[in-house]
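Derivation of every value follows stated rules applied to the coordinates shown; laboratory data play no part. Keep in mind the model is a prediction, meaning the values are calculated, not measured. Because the Cβ atoms are built from the backbone with ideal geometry, glycine has one as well, and the counts that use them run over all protein chains shown.
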Amino acid sequence: MVDRLDVDHPLFSVEFFPPKDAAGEAQLWGAIRRLEPLDPAFVSVTYGAGGTSRDRTIRTTERIASDTTLVPMAHLTAVAHSRAELRHVIGSYAAAGVRNVLAVRGDPPGDPLGDWTPHPDGLTYADELVTMVRSLGDFCVGVAAFPYGHPRSVDADTDFEHLVAKIRAGADFAITQLFLEPGGFLRLRDRLDAAGCHVPLLPGIMPLTTVRTLHRGPELSGAPLPEDLVARLDRFADDPVAFRAAGMDATAELCEKLLAEGVRGLHFYTLNRSPATVELVGRLGLAAARS
Ligand SMILES: Cc1cc2nc3c(=O)[nH]c(=O)nc-3n(C[C@H](O)[C@H](O)[C@H](O)COP(=O)(O)OP(=O)(O)OC[C@H]3O[C@@H](n4cnc5c(N)ncnc54)[C@H](O)[C@@H]3O)c2cc1C
């Protein structure tokens, strides 16, 4: 799949989560069908904490592989899994025709910022998962990156070294946690380049459609919440329509700054809805650029 990222025009990819019920399934498939004609580079499906969504992640990525023209990528975490279970899930992905895996460690179940306890026969860090996926077949492997450091890391420099280790373990590309101003992402990109890691780094973009996306995202991600952005958007807090319009303008401006700096791909967190991504792809000319 990484060849789909190696093109001379800007591209985009999208992230979904596996639905829990029939209504969620209908919403997801409506979003998939609306995004399909825009030809994203890939569509990824997250993996629930503790393997809770294992079967749904496999089923969803399998159906994307068989019923659409899209390229699926399945996420995988090491949470609460033995090595044997992880090997089994990776085998299920291969059997479903899914050859692209985002290898992430996962958060401790219950409290994302709590202490990590590995399964007694499991893995502790994502670089081990990268090595395992790589050893089990011809997979294209991605990893998570944090422009401001992982929230539980000792410091940003140490976290950077761990990101480099994941890439050296065999990652083909990395996707970042969401962020709201371009500086941290661009510094991380340049730093990876200087360290000899030339794999694509895709910025994770959360469209600012609601007050919750503005405040909750940074809280969980460790990215700063820029004061000027808060001042610009919070005055619309009681008017969802006006907030969405201003939030989408701010998101489009962030994307434009990244593209102007030579960033080649944007990874949109969709929350299983298509309108914001379709709008941004149109505003940024990303679909037209691919034809
Ligand atoms: C794009 C993206 C997609 C995601 N998808 C999912 C998903 O589908 N499901 C899900 O549950 N979660 C997902 N997450 C969240 C992710 O699982 C958590 O952020 C998790 O806490 C870190 O995962 P990681 O792969 O970066 O872990 P790691 O790279 O293992 O890092 C975890 C922590 O350990 C440190 N560390 C790493 N290696 C070492 C080492 N060798 N020695 C000491 N310390 C080390 C790091 O600095 C960091 O603080 C995603 C995150 C991103 C950015």
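Determine the distance separating the Cα centre of the stretch 215-258 from the Cα centre of the stretch 96-155; give it in Å without decimals.
29 Å
In Å, the Kirkwood hydrodynamic radius of the stretch 245-284 over pairs of distinct alpha carbons? Show your work: numbers first, answer last.
Values: mean 1/r = 0.0943 Å⁻¹.
Hydrodynamic radius (Kirkwood, Cα pairs) of the stretch 245-284 is 10.6 Å.
Considering the stretch 2-290, what Rg and Dmax in Å follow from its alpha-carbon atoms?
Rg, Dmax (Cα atoms, Å): 18.2, 52.
So what's Rg/Rh here for the stretch 198-259, counting alpha carbon atoms and using the Kirkwood radius for Rh?
Numbers: Rg = 12.3 Å, Rh = 12.3 Å.
Here Rg/Rh amounts to 1.00.
Only Cα pairs within less than 10 Å get springs; with that Gaussian network setup on the chain, which residue of A246, A260, A94 has the largest fluctuation?
With Cα springs under 10 Å in the chain, the top fluctuation among A246, A260, A94 is at A260.
How big is the charge dipole of the chain about its Cα centre, in debye rounded to the nearest 20, if each Lys and Arg gets +1 on its Cβ and each Asp and Glu gets -1 on its Cβ?
Numbers: 29 positive and 38 negative charges, 131 e Å.
That gives a dipole near 620 debye.
What 222 nm value per residue comes from the helices of the chain, counting each DSSP H run with n ≥ 4 as -39,500 (n - 2.57) and dividing by all residues, nearest 500 deg cm²/dmol?
Values: 11 runs with 131 residues, N = 291.
When only DSSP H runs of four or more count, the value is -14000 deg cm²/dmol.
Which three numbers, in whole Å and largest first, are the semi-axes of the equivalent ellipsoid of the stretch 49-167 derived from its Cα gyration tensor as √(5λ)?
Working: eigenvalues 122, 51, 37 Å².
Three semi-axes, in Å: 25, 16, 14.
Considering only L266, L129, L229, give the residue with the highest GNM mean-square fluctuation for the chain, with springs between Cα atoms whenever their separation is below 10 Å.
L229
Excluding C140 itself, calculate the net charge of residues whose Cβ lies under 13 Å from the Cβ of C140, where each Lys or Arg counts +1 and each Asp or Glu counts -1. Don't jump to the answer; show the numbers that get you there.
Details: positive: R4, R99, R134; negative: D3, D6, D138, D172.
Its environment carries a net charge of -1.
For the stretch 146-291, what does the convex hull of the Cα positions come to per residue, in cubic angstrom? Provide the component values of the computation, followed by the final result.
On the way: hull volume 17.6 nm³, N = 146.
Per residue, the Cα convex hull of the stretch 146-291 comes to 120 Å³.
Connecting C-alpha atoms closer than 10 Å in a GNM of the chain, tell me which of L113, L35, L102 has the biggest fluctuation.
It is L113.
Along the positive direction of the dipole of the chain (beta-carbon charges: Lys, Arg +1; Asp, Glu -1; about the Cα centre), which of Y125, P147, L11 reaches farthest?
Result: L11, furthest along the dipole toward the positive end.
Can you give the Rg/Rh ratio of the stretch 8-62, where Rg is from the C-alpha atoms and Rh is the Kirkwood radius?
Details: Rg = 12.4 Å, Rh = 12.1 Å.
Rounded to two decimals, Rg/Rh equals 1.02.
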